[in-house]
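Data block below; observations after.
Computed from the coordinates by the stated procedures, all read-outs in this text should not be read as laboratory data. Values in this document were obtained by computation on a predicted structure and should not be read as measured data. Cβ atoms come from the backbone with ideal geometry, glycine included; neighbour counts cover every protein chain shown.
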Amino acid sequence: MKWNRYTIKTTTEAVDLISCMLAELGIEGIEIQDNVQLTQEEAKTMFVDFIPELPPDDGTAKVNFYIDADEDDNTILGKVEEGLEELRTFVNVGDATVTESQTEDKDWINNWKQYWHTFTIGDLYIKPTWEPVTDEMKGHQVLSIDPGTAFGTGSHETTRMVILQLQKYIKGGEEVLDVGCGSGILSVVALKYGANHALGTDLDPNAIIASEENAQQNDIAPEKLEVIEGNIIDDKAVQDRCGYECYDVVCANILADVLEPLSAEITQHMKPGAYFITSGIIDTKEQEVAECFKKNPELEIVEINHDGEWVNITARKRGI
Ligand SMILES: C[S@@+](CC[C@H](N)C(=O)[O-])C[C@H]1O[C@@H](n2cnc3c(N)ncnc32)[C@H](O)[C@@H]1O
């Protein structure tokens, strides 16, 4: 599908009013480009782990909006220009010029697939579902994955570090809890290495679908991998569904701001001696997350690993 992209050159003070005006015209999915720095509070609510340094805010902004090229008869552009002139009477809209460009005719959902190919982590081959099993894979564990729109191809440093830990700590027969399961990749790896059962949780409904499909793709019986939608940190129904003192291994590849509250809650679900394998921690937050883990007297940190700017902290529940 081709989209006509319109860019309004304006000021940061007019952005909110322009966004409302566009919404009233039925235009959805606008994009704002400016150099206004996010506050720490905003970063938290948006699950942003670190805030990039921006050039100084010069008060200018661009607002982009998109219209399906087949439906664009230019009438909407006229209405936008009228709306901008109306706004000009009570807010500084700056140039308020509108320029047009056309986006490429690409399948944005699937385009990334051409760049992702089979790779290995230790003795594990991870291959996209659309690539074949080759002779060199014989005798090795092979994971076939299509993440769909969920996170988790295995190629990200954070996922890779958890997989390396699963290769170390899964010995066979474990009960696994996979918090923030995404594509279900960590559960499927744990099951491939001999875990008895995995329960995945995620806030994203797409993760539930992708995990179930990936389990099926890897010949995992439906009763071996169950997936539920919800937040284990503060939803009692999800906590009850996960059960208490019943997991040998919990993995969670989620941002630091989620791992911190999770570290206080999670031990009630773990058996004594169970492992809590976490990743998704940007290195600037390593100390903060480690301190948080130490506040839970039931947890002891057993390992900290780094891959690029990402950190894995593996802890153990005291008891045996
Ligand atoms: C970085 S992805 C990890 C996906 C996969 N486990 C992997 O390692 O590749 C993090 C996932 O955590 C989910 N998530 C974020 N906060 C969560 C929470 N409080 N409870 C459950 N899932 C959460 C996101 O929707 C996302 O799917």
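Using R0 = 30 Å, the C-beta based FRET efficiency linking D146 and T103 works out to 0.75. From the cross-link list K192/K236; K171/K236; K236/K317; K113/K236, which pairs have alpha carbons spaced over 27 Å apart? Checking Cα-Cα distances, K192/K236; K171/K236; K113/K236 exceed 27 Å.
Multiplying the residue separation of A290 and E85 by 0.36 nm and subtracting their alpha-carbon distance yields 68.4 nm. Computing FRET efficiency as 1/(1 + (r/R0)^6) for E131 and D219, where r is the C-beta to C-beta distance and R0 is 22 Å, gives about 0.80. Placing unit charges on each Cβ (+1 for Lys and Arg, -1 for Asp and Glu) gives the stretch 123-276 a dipole about its Cα centre, and among I266, L143, I254 the Cα reaching farthest toward its positive end belongs to L143.
Can you compute the charge dipole magnitude of the chain about its Cα centre, using +1 on each Lys and Arg Cβ and -1 on each Asp and Glu Cβ, nothing else charged? Give it in debye, rounded to the nearest 20. Don't jump to the answer; show the numbers that get you there.
Numbers: 25 positive and 60 negative charges, 323 e Å.
So the magnitude is around 1560 debye.
Report, for the chain, the % of DSSP beta bridges that are antiparallel, rounded to 5. Before the final figure, lay out the partial values.
Working: 36 of 61 bridges.
Expressed as a percentage, antiparallel bridges in the chain total about 60.
Using 0.36 nm per residue, how much length does the chain from E71 to E265 gain when fully extended, once their Cα-Cα distance is taken away? Show your work: numbers first, answer last.
Values: separation 194, 0.36 × 194 = 69.84 nm, distance 5.06 nm.
Stretched fully, the E71-E265 segment lengthens by 64.8 nm.
Think of each Lys and Arg Cβ as +1 and each Asp and Glu Cβ as -1; about the Cα centre, that makes the dipole of the stretch 162-320 roughly 600 debye. Which aspartates and glutamates, if any, have their Cα less than 12 Å from the Cα of K271, not counting same-chain residues under 8 positions apart? Excluding near neighbours in sequence, the set is E174, E175, E245, D248, E298.
Report the relative contact order of the chain, percent, no decimals, based on alpha-carbon pairs under 8 angstrom and at least 6 residues apart. Rounded, it is 13 percent for the chain. Close amide-amide hydrogen proximity is noted between G200 and D178, E226, V227, I228, each under 5 Å apart and 5 or more residues distant or on a separate chain (H modeled in the peptide plane; Pro and chain starts excluded).
Please list, by residue number, every one of the GluC sites (Glu not before Pro) in the stretch 77-146 that is coil in DSSP and has at most 13 other beta-carbon atoms within 10 Å.
When the GluC sites (Glu not before Pro) of the stretch 77-146 are filtered for loop state and at most 13 Cβ neighbours within 10 Å, E104 remain.
Restriction of the chymotrypsin sites (Phe, Trp or Tyr not before Pro) in the stretch 195-296 to DSSP coil positions whose beta-carbon has at most 13 other beta-carbons within 10 angstrom yields Y244. Remark on L143: its backbone amide H falls under 5 Å from those of Y125, I126, K127, a criterion applied only to residues 5 or more positions apart or on other chains, H modelled at 1.01 Å from N. Counted over the stretch 197-240 with a bin width of 10 Å, the fraction of Cα pairs per bin, in whole percents, is 28, 51, 20, 1. Hydrophobic long helices, here whole DSSP H runs in the chain with Kyte-Doolittle means of at least -0.5 and Cα atoms spread over 15 Å or more along the helix axis, are found at 75-88, 157-169. Semi-axes of the equivalent ellipsoid of the chain are 44, 25, 17 Å, computed as sqrt(5λ) over the eigenvalues of the C-alpha gyration tensor in descending order.
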